Amino acid sequence: MPWYYANNNHRLGPVSDSEFARLAREKIIREDTLVWQHGMPDWKIYADIVTTLPPPEIAPPIIEASAADVAAILAENPAAPRYAGFWIRAAAKLFDWVLLAIVSRQLARVMGLADIDVMQLVQGGMETLEPYTQRLMLLALLDSVMRLAYYWFFLKRYAATPGKLMLGLKVVRADGDPLTHGLIIGRFFSEVLAKYFTLCVGYLVAAFDPEKRAMHDHFCNTRVVKKRRP
């Protein structure tokens with residue numbers, strides 16, 4: 001039966017019996033950690049239920065929860081994490097994309113690259129084409145740095161980009177710890193690789209994953225969840 005647990009005010013799971021036991025051995029789940037599984041009337045601290053658990057060597061066989069089982073558990077237990085689905089994540093991504101596109105357009109305008117006459121460039125030969133190409137490469141570099149800074153700042157400060165903030169979403173780690181600088185940067189480049197090398201198919205993975213993880217979430221072991229209302 002899948003388990004859920006709370007860590008740093010995040011509700012995490014589901015995890016199997018063996019994974020739950022491993023988390024307890026490694027002190028990720030501590031004596032004062034709140035835990036819950038289907039059939040329990042309410043959340044309890046681990047110290048209250050540990051004596052009722054079977055020893056690891058005689059633990060029952062692991063039964064992986066299907067997507068339907070997970071959905072049923074989430075529906076019955078409002079304290080469990082609510083994973084953000086494919087369409088709401090797509091809407092948040094679209095908002096971020098439009099916002100970044102506006103900034104990129106203004107950056108191109110400042111560099112004199114917004115309204116270029118291609119025929120004039122071709123007719124001007126290398127004397128005109130070479131400086132334009134250099135400015136275009138500089139624009140691509142500045143645009144990439146701007147996008148990385150955008151994701152890094154908002155994910156580190158708010159655990160969400162403006163698009164996710166607008167829709168009440170946030171990015172969390174599987175163990176509930178805050179996102180680190182390295183993880184944010186790694187997630188950014190993982191998303192870039194998944195987007196261009198899979199032609200955006202990496203995003204579609206979230207539509208079929210029980211925890212609604214896209215490919216870059218699998219790479220970095222992150223989840224996108226809905227924020228809880230006070």
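The values are calculated or read from the model by the stated rules, or taken from the named source; none is laboratory data. Quick caveat, the model's predicted, so the values are computed rather than measured. Note that each Cβ is placed from the backbone with ideal geometry, even for glycine, and that neighbours are counted across all protein chains shown.
The table below gives the values:
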{"quantity": "Failed item in (1) among the hydroxyl-bearing types (Ser, Thr, Tyr); (2) over 24 Å from Ile88 (Cβ atoms); (3) in contact (Cβ under 8 Å) with a residue 12 or more places away in the chain, with Tyr150 passing the rest", "calculated": "(2)"}
{"quantity": "Count - residues of the range 91-102 that are of a type in the set (Gly, Ala, Ser) and either in contact with a Pro (Cβ under 8 Å, 6 or more places away or on another chain) or farther than 15 Å from Ala160 by Cβ (or both)", "calculated": "1"}
{"quantity": "Every pair of residues 6+ apart whose Cβ atoms lie under 9 Å, when the first sits in the range 43-54 and is in the same structural domain as Arg22 (by TED's automatic domain parsing) while the second is part of a helix (DSSP H, G or I)", "calculated": "Tyr46/Ala24; Val50/Ala24; Leu53/Asp17; Leu53/Phe20; Leu53/Ala21; Leu53/Ala24; Pro54/Asp17"}
{"quantity": "Residues located in the range 181-220, provided they are part of a helix (DSSP H, G or I) and of a type in the set (Ser, Thr, Tyr)", "calculated": "Ser190, Tyr196, Tyr203"}
{"quantity": "Residue match in the range 4-22 (condition: basic (Lys, Arg), under 18 Å from Asp177 (Cβ atoms) and assigned to a helix (DSSP H, G or I))", "calculated": "yes"}
{"quantity": "Count - residues of the range 147-169 that are among the hydroxyl-bearing types (Ser, Thr, Tyr), in a helix (DSSP H, G or I) and touching a Leu at 6+ places or on another chain (Cβ under 8 Å)", "calculated": "2"}
{"quantity": "Residue in the range 53-67 that is more than 27 Å from the chain's Cα centre (by Cα), among the acidic types (Asp, Glu), loosely packed, with under 14 Cβ neighbours inside 10 Å and at pLDDT 85 or above present", "calculated": "no"}
{"quantity": "Residue check, Tyr151 surrounded by 15 or more Cβ atoms within 10 Å (Cβ to Cβ) and modelled with pLDDT of 95 or more", "calculated": "yes"}
{"quantity": "Qualifying residue in the range 208-217 (condition: modelled with pLDDT of 90 or more and farther than 30 Å from Ser16 by Cβ)", "calculated": "no"}
{"quantity": "Tally, over the range 170-188, of residues that are in contact with a Ser or Thr (Cβ under 9 Å, 6 or more places away or on another chain) and in contact (Cβ under 8 Å) with a residue 40 or more places away in the chain", "calculated": "5"}
